[in-house]
Amino acid sequence: MVGGLAGMTGGLLLPRRAFAVGVASALRLSSTGARTRLVLELSENIDFSIFRLAEPYRIVLDLPELDFTVGSGGSPMPGATGLIKSIRWGLFQAGDTRVVIDLTDAADVKNAFVLPATGVTPHRFVIDLERTTKDKFLAQVGPQNRIGKQTLPREAQAKPDDKTKPVKNPANTKKLVMLDPGHGGVDPGAIGASGIYEKIITLAAARQLKSRLEDTGRYKVVLTRDKDVSVGLTERRELAHDAGADIFVSLHADSIANKTVRGLSVYTLSEKASDAEAAALADQENDADRIIGIDLSRETQEVRHILVDLAQRESMNLATRVAGRLIDQLRREAMMLRTAHRFARFAVLKSPDIPSVLIEMGYLSHKEEETALKTESYRAKLMAAVVRGLDEHFGAFQSAQRS
Ligand code: ZN
């Protein structure tokens, strides 16, 4: 994929920044089924217009002059995704930035709008593309068929003093990690080969991880439970939300009938589960409102759905990245399952606004692994790996924010 100014050098003769109204700091692409979504993070709310070009299929975005920090040492340039083959941009004329999206196939613009910034998120320009027929695409080609700025979501306004959503720690302050020791109280979780309860192992590991994270000086840590009590799954999520957590890490240890199976794995939410959750939330206006921190009371159900879906997708993208970093580090300390990154519909992972991962630290049904997990020094190695993984995640995040 080509980033930057390739093929658009005409504008380079003009002095840069003369008219720049803002900064485009991150570009994300995602694809589900027939739909491909582009999200561009912006420092300002902007006007835009869109038109199509054929042979090859392209979508052109005309925006006010923006400084793109994407791909140039800042946030990464995404690879080809769904209907989008590549993206490039440049100064088209003084005051105007043009973005060209090269398509893999004929595609229609299903939605295009700017989400105003909230206390937690920057302004975001969102475009949803859907596959269409060649004839339909060709019928709308050329700048004469521009789509102007859609006011969707029409009335959405950032609520500056929104009390329902805790404002997350700004960059350069401590990240808030919510640790969730699995099970507890009347629920022992898995029972090990020698009789140890999962709830004991998970709490011991969480306490170790808490002190290791706090020792770095970079994290504030809260536990969903710090003793042997029952905590509901929804309650665990709500505790994280109310604390304004930057990440949610649930700790578990597994058990299985086949006693030769061993190894660690990291779970994130499966896409189907997340879609269902987003749909359910969008139907409950107040919850959706609470989650994304903007006033949705005058929005249609479709718009609410898009907004909640967007928030959830961003959390899932982050969770996937965290899971990858955790696995890279854990692999250095312990045996992993062959497919180390797994997807499931675990209820504790369903926060739409907090990246959430669940670490299965091993199998208590495997004799050696159970013995290891009962040992403080073995758990210490695993938890040190988790600290390194989180450090990598937040380190990369902060250097991207600084640029
Ligand atoms: Zn468990």
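Name, by its number, the condition in (1) modelled with pLDDT under 90; (2) touching a strand residue (DSSP E or B) at 6+ places or on another chain (Cβ under 7 Å) that does not hold for D180.
Every listed condition holds for D180 apart from (1).
Got a number for residues in segment 218-246 being open to solvent by less than 40 Å² (accessible area, probe 1.4 Å), closer than 23 Å to G395 by Cα and part of a loop (DSSP other than H, G, I, E, B)?
3
Of the numbered conditions (1) of a type outside the set (A, V, I, L, M); (2) over 30 Å from A245 (Cβ atoms); (3) open to solvent by less than 40 Å² (accessible area, probe 1.4 Å), T104 fails exactly one; give the number of that condition.
(3)
What number of residues within segment 50-59 satisfy the criterion of being of a type in the set (G, A, S) and open to solvent by less than 20 Å² (accessible area, probe 1.4 Å)?
0
Only one of E198, E214, E235 is in contact with a Pro (Cβ under 8 Å, 6 or more places away or on another chain) and among the charged types (D, E, K, R); which?
E198
I need the full set of residues from segment 262-274 which are among the hydrophobic types (A, V, I, L, M, F, W, C) and within 15 Å of the ligand (Cβ to nearest atom), in order please.
L264, V266
Residues to consider are V249, V221; find the one that is more than 16 Å from the ligand (Cβ to nearest atom), in contact with a strand residue (DSSP E or B) (Cβ under 9 Å, 6 or more places away or on another chain) and under 16 Å from I359 (Cβ atoms).
None of the other options fit; the residue is V221.
To keep it simple, each residue is scored yes or no on (1) open to solvent by 10 Å² or more (accessible area, probe 1.4 Å); (2) assigned by TED's automatic domain parsing to the domain that holds K374; (3) in contact with a Ser or Thr (Cβ under 9 Å, 6 or more places away or on another chain).
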site	(1), (2), (3)
R304	yes, yes, no
V308	no, yes, no
A311	yes, yes, yes
R325	yes, yes, no
M335	yes, yes, no
H341	yes, yes, yes
R345	yes, yes, yes
K350	yes, yes, yes
V357	no, yes, yes
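Looking at segment 183-214 only, could you name the residues that are within 13 Å of the ligand (Cβ to nearest atom), open to solvent by 60 Å² or more (accessible area, probe 1.4 Å) and either part of a helix (DSSP H, G or I) or within 27 Å of H393 (Cβ to Cβ) (or both)?
The answer is I200, and nothing else.
Restricting to segment 19-49, and then to whatever is open to solvent by 60 Å² or more (accessible area, probe 1.4 Å) and under 17 Å from Q93 (Cβ atoms), can you tell me which residue is modelled with the highest pLDDT?
For segment 19-49, the residue satisfying everything is D47.
Checking the condition of a type in the set (S, T, Y) and touching a residue at least 40 places away in the same chain (Cβ under 8 Å), which residue from S315, S377 passes?
Result of the check over S315, S377: S315.
The values are calculated or read from the model by the stated rules, or taken from the named source; none is laboratory data. Computed from a predicted model, the values in this text were never measured in an experiment. We place every Cβ from the backbone using ideal geometry, glycine too, and count neighbours over all the protein chains shown. What goes into the accessible areas is simple: the full protein's heavy atoms, side chains included, and nothing from ligands, DNA or RNA. Shrake-Rupley method; radii C 1.70, N 1.55, O 1.52, S 1.80 Å.
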